[in-house]
Structures are given as structure tokens and as C-alpha cells.
Amino acid sequence: MKRILILISGRGSNLQAIVQRCADEAWPARVVAVLSNRPGADGLAFAEQHGITTAVLDHRQFADRETFDAELARLIDSFAPDLVVLAGFMRILTDGFVAHYAGRLLNIHPSLLPAFAGLHTHRRAIEAGCKVAGATVHFVTPTLDHGPIVAQATVPVLADDTPALLSARVLALEHQIYPMAVRWFVDGDLQVSDDGVVRHRRGVSQLFCG
Ligand code: GRF
């Protein structure tokens, strides 16, 4: 039984998608804890309603990033997770933290990486005249929003799109590809080559097109 720990900062809709798919498909895994750096994050209530242990580690109580990340790692490790899932966790992580979880730390970013790392991805995609947008699940490496790509999904950018409309269309696909990618990890299906390319052990296509 693989142990999954999820880090959030807010709404937690990706957390919900993963918890629900894990239950619906009876994965050989369970979500052992949900941690938030923000008290009152909506995702905490969902986790509590589903009997999942939650904890808050408020970054504002720490003097610097290193001290916060060290305490966060101590808390995470107390749950002995096999996989740490960033699901809207709005913190830049220190290199030491990322190294500690190398190969077992996943993130989802609402753009087709390596395009549009960072914030305001949907506005930037519209302003750049992109015809498609999407989301990327990737292993986390020290460079923000980089790292080996596990899965991507695309949506069209429509002529009258706003960042809010595009965001909603992308989010619906995030809820499909993030649980899918986590399941692949749980099943031991992800292989990362030396060149940083992720392949599925059984040759399943890793591009899910919406
Ligand atoms: C998602 O758009 C995700 O791609 C980004 O942050 C957002 C989190 O949403 N990293 P939620 O908290 O999972 O609803």
C-alpha cells in the first residue's frame, strides 16, 4: 500500500480529484495526510470530511524559507510517504527540500511546460496568441516549474477567451491527468531516463489530449 501525502495552499480541487479517483479505482495506495501552509485552506475541510489527517504549517511563523522547509520536511517525513504531491502548493521550495524528495515529488502546473512557467499562465497564453493551452504534471527539480514531464493535456484557446474561462477549461483536464499520473507512480509505471525523459513502463501514451 503506497502512502501519498498532498500539500495544498487553497481550494484543493486537484486534491479532491486524486482522493476520489484513489477510492473509486481502489488504488493500492492511500492519502495519509494533507498539509497546508495556509490556515483555513478549503482543501483542509474536504480532507477532514474524508477522514484524512490534516495539519497546517503557517509559513508566516518562520523566519526564512530554509527554516520553514526544514520543519515542513520533518512533518512530511513523520508520515513516511512514498510520494509527495504538490496540488496548488503556492511556495517556492529550497533546493535542499527538493533534493530530499527527488524522484518522489510531483507537481501540476497550468501551462504546457516549458512554456509559461510561473504565475498568470492563462493571461500570458492568451496575450501570446497561443492557439492551444493546457496543463503539465512533472517531477519537481530545483528550477521552478521545470523537471521531467509525466503527462500533459491540451485545450484550445478560443477567440473570446478570458483568463477565467481558459483556467476553468484547463482545470477540468487537470482533474483527469493528475490522478492518472499519480496512479502511474503508485503502480511503479514511471521510468525517468538519464536524459530526464519520463516513459511509461508499459508504453502507454503520456499525452492526454482534451
Ligand atoms: C491549479 O490550477 C494547479 O495547476 C496550480 O494551482 C491550482 C490549484 O488548484 N498549481 P486547486 O487548489 O487544486 O483547486
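Things worth noting here:
- Of the residues D95, D160, ranked by 1.4 Å probe accessible area with the largest first, the sequence reads D160, D95.
- Solvent-accessible area of H109 with every protein chain in place, 1.4 Å probe, in Å² to the nearest 10: 10
- Accessible area per residue for the range 1-101, computed on protein heavy atoms with a 1.4 Å probe, is 46 Å².
- Note on surface exposure: M90, M180, M1 rank M1, M90, M180 by accessible area, highest first, 1.4 Å probe.
- Accessible surface of the range 128-210 [probe 1.4 Å, protein heavy atoms]: carbon and sulfur percent: 59
- Remark: the range 108-210 carries a charge dipole of roughly 140 debye about the Cα centre, counting +1 on each Lys and Arg Cβ and -1 on each Asp and Glu Cβ.
- Between the range 96-110 and the range 30-46, the alpha-carbon center distance in angstrom: 18
- Nonpolar atom fraction for the range 1-101, defined as the carbon and sulfur part of the 1.4 Å probe accessible area, stands at 49 percent.
- Heavy-atom accessible area order for K2, K131, largest first, 1.4 Å probe: K131, K2
- Tail beyond 18 Å, pair distance distribution of the range 1-101 (Cα, percent): 43
- Projected label points at V192 and D95, each 7 Å from Cα along the beta carbon direction, are separated by 1.6 nanometres.
- Other residues lying with their Cβ under 15 Å from the Cβ of R91 contribute a combined charge of -4, Lys and Arg counting +1, Asp and Glu -1.
- Per residue value of the accessible surface for the range 128-210 (all protein chains in place, 1.4 Å probe), Å²: 48
- Prolate/oblate/rounded call for the chain, Cα gyration tensor, a/c under 1.5 rounded: rounded
- Rounded to the nearest 500, the helix-only mean residue ellipticity at 222 nm of the chain stands at -10500 deg cm²/dmol, with each DSSP H run of n ≥ 4 adding -39,500 (n - 2.57).
The values are calculated or read from the model by the stated rules, or taken from the named source; none is laboratory data. These numbers were taken from a predicted model, which means no experiment stands behind them. Note that each Cβ is placed from the backbone with ideal geometry, even for glycine, and that neighbours are counted across all protein chains shown. Ligands, DNA and RNA are excluded from the accessible area calculation, which covers all protein heavy atoms including side chains. Shrake-Rupley method; radii C 1.70, N 1.55, O 1.52, S 1.80 Å.
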